[in-house]
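Please treat every number below as a calculation from the coordinates, not as lab data. All of these numbers come straight from a predicted model, not from anything done at the bench. Note that we place each Cβ from the backbone using ideal geometry, even for glycine, and neighbour counts take in every protein chain shown.
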Amino acid sequence: MPWSPTTYRGDLISLRQPLTSDVEDFLVKAGQPETTLAYGGDPSGIKRPSRESYERSLTGFPDSIKWVIDRHDHAIGRVRLHEIDEEEAHARLAIGIWHPADWGHGYGTEASKLVIGHAFNIMNLHRVDLIVLESNQRAIRSYEKCGFKVEGVLRERALVGGQRQNDLIMAILRHEFSNDLSVRTGTG
């Protein structure tokens, strides 16, 4: 699946192609204990993010479509569609806002809506799903604002800080999606 050249601009953020130069924002913002915990990592084993780890992430998930979440010309996170199955018309969403100071402002919700709109309107998919820690209530509320519904529980699937936690499977179907954003597109 090739990169889609579409850049999306919402009211709060833009989505654009990841660039090697985004590494500077990544190094400043990523690797926070709260972020690591929210994504299911062990905060006691945090290593400072490195230039090499960021550059590896640009080539990871080769069969995915990736965007950087941009706020005022600074990368604040990433979002991607992966596990794309064009025949069955579904994909999985993954999103991360790197620093807790950027949480709670609607950036992730807007980025998710833009990507879901791309999945349904451009890729002609029928379903988008995701997996989220049951304890990550902030993310769950954001996904619910986008129209995602909980479909199931993967009991004690995640090991977070030495404790077993449940993951939730959430999904949205094309006919459930209501894009209430003013979206502008561009190329590049």
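Straightening the chain between His99 and Arg141 buys 13.3 nm, computed as 0.36 nm per residue apart minus the Cα-Cα spacing.
The simple Förster model, with R0 at 35 Å and r as the Cβ-Cβ distance, assigns His72 and Ile131 a FRET efficiency of 0.70.
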